[in-house]
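Input: a single structure, listed below in structure tokens.
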Amino acid sequence: MSFKTVLAAAIIVGGSWVPAYAQGKVEVSAIVGWTFADGVSGDGILAGDGNLYNRVDPKDSVNWGLSLGFATQENYEVGFKFGQQMSTLEISGTNTRDIGDITISTYHGYFGYNGFAADAKVRPYALFGLGATNYGGVSFTRLNGAAGETSGNTQFSTTFGAGVKVYASPNVGARFGIGWTPTYIKSDSEGYWCDPYWGCYVVGSAQYSSQWDLSGGIILRF
């Protein structure tokens, strides 16, 4: 599935109810926070430095993002959110090495629920979204000193979030929350499962790269 296809699907999910804007309000949020990131593991590879490496992870780092939400009813919201984490790609095993800088970008259309009345000063919220995560290419230096570069990769992902919105006025507020974005990366074979009717087939175990984030930001509501 191409990046353009997944992004288009996310925009459709987030924008399918946009005409309801005329019946409600629109919120624009700018967000900054910290991401706790996990990668995936695999078969060990013996590198030229004599160490065995079997895991790849992005390091924990700062994130920022933007979201645009439309109130479809007093408590329901749909929208689109973009997030970006500026990190460093790390490999580990019998040794740990930094490979190079990596930018991780997320694109999700989402459905949200806001608690209490629309004019409440404090509103808890929860959201669920569908979209894509893009892992940018990484420039690095090989052990022999030669330059190298990995290509970027885009995968389907979901996102979940919860927190609280606090409004200082009808048009300005702040938000604080936690989010989780699991991205499917690959499946590892765990052996065979056999059934008397269907026969035997390979059983796989899916691996996801997860981003857990704590964030806060400002809200402009119109």
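All conditions but one from (1) among the aromatic types (Phe, Trp, Tyr); (2) assigned to a strand (DSSP E or B); (3) modelled with pLDDT of 95 or more apply to PHE116; the one that does not is (2).
Of LEU68, LEU143, all but one fail to be farther than 20 Å from SER41 by Cα, out of contact with any Pro (no Cβ under 6 Å at 6 or more places or on another chain), modelled with pLDDT of 95 or more and among the aliphatic types (A, V, I, L, M); the exception is LEU68.
Could you check, for the stretch 89-97, whether at least one of its residues is touching a residue at least 24 places away in the same chain (Cβ under 8 Å), out of contact with any Lys or Arg (no Cβ under 9 Å at 6 or more places or on another chain) and buried (at least 20 other Cβ atoms within 10 Å of the Cβ)? No, the stretch 89-97 has no match at all. For the stretch 81-96, the count of residues that are more than 21 Å from THR181 (Cβ to Cβ), among the aromatic types (Phe, Trp, Tyr) and either modelled with pLDDT of 95 or more or in a loop (DSSP other than H, G, I, E, B) (or both) is zero.
Name the single residue, out of those in the stretch 162-198 being among the charged types (D, E, K, R) and modelled with pLDDT of 95 or more, that is farthest from GLY39 (Cα to Cα). Taking the candidates together, the pick is LYS165.
If you go through the stretch 60-80 and keep only what is more than 22 Å from ALA120 (Cβ to Cβ) and in contact with a Leu (Cβ under 8 Å, 6 or more places away or on another chain), you end up with just PHE80.
For the stretch 112-141, residues that are touching a residue at least 60 places away in the same chain (Cβ under 8 Å) and either over 24 Å from ILE185 (Cβ atoms) or of a type in the set (Asp, Glu) (or both) total 1. Number of residues in the stretch 113-138 that are within 15 Å of THR181 (Cβ to Cβ) and either of a type outside the set (A, V, I, L, M) or in contact with a Pro (Cβ under 9 Å, 6 or more places away or on another chain) (or both) equals 6.
The values are calculated or read from the model by the stated rules, or taken from the named source; none is laboratory data. Just so we're clear, the structure is a prediction, and the values are computed from it rather than from any experiment. Methodologically, a virtual Cβ is constructed for each residue, glycine included, from the backbone with ideal geometry; neighbour enumeration extends over all protein chains shown.
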